[in-house]
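Below is one structure, written out as structure tokens, with a few remarks after it.
Read-outs: derived from the displayed coordinates by stated rules, not from any lab. If you're wondering where the values come from, they're calculated on a predicted model, not measured in any experiment. Reconstructed Cβ throughout: ideal geometry from the backbone, glycine too, with neighbour counts over all protein chains shown.
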Amino acid sequence: MSETNGWFAAGDRDDPDATMTAIREGSADEPRNWPALAVEAGFASETEEYYDALREATTAATRAAVTERERADDRQLVHAIRAMDDMGRILL
């Protein structure tokens, strides 16, 4: 995020991929009045709309992160089972 732009500057509110990516990859050096900046930028018409969009974007980002972790755990399990299978064949 730039000094004046928040996660909402990533694009259209109706583009969940862009807002999710901005949430996951963005950062800020210090807190700012993000709701007011979002309203000024035209991202939201009012503060409540900003918070609704923020909730949607953070929920999507969290779901994506959990899905990635679950897949990583599943891959580790598959590798462990294959290793055990290989050991069984070697020892028998």
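Of note:
- Assuming charge only on the beta carbon of Lys and Arg (+1) and of Asp and Glu (-1), the dipole of the chain about its Cα centre is about 640 debye to the nearest 20.
- Taking θ as phi - 60° and the Karplus parameters 6.51, -1.76 and 1.60, the scalar couplings of segment 64-81 work out to 5, 5, 5, 4, 4, 5, 4, 5, 5, 5, 4, 5, 5, 5, 4, 5, 5, 5 Hz in sequence order, x denoting glycine and proline.
- Estimated 222 nm signal from helices in the chain, with DSSP H stretches of n ≥ 4 weighted -39500 (n - 2.57), rounded to 500: -23500 deg cm²/dmol
- Along the axis of the charge dipole computed for the chain (Cβ charges of +1 for Lys and Arg, -1 for Asp and Glu, origin at the Cα centre), the listed residues Met87, Ala18, Ala64 are led at the positive end by Met87.
- Across segment 44-57, coupling constants 3J(HN,Hα) worked out from phi with the 6.51/-1.76/1.60 Karplus curve, θ = phi - 60°, read 9, 7, 7, 4, 4, 5, 4, 5, 4, 5, 4, 4, 4, 5 Hz, and Gly and Pro carry x.
- What the phi angles of segment 84-90 give under the Karplus curve with 6.51, -1.76 and 1.60, with θ = phi - 60°, is a coupling list of 5, 5, 4, 5, x, 5, 5 Hz, glycine and proline written as x.
- Enclosed volume per residue, in Å³, of the convex hull spanned by Cα atoms of the chain: 106
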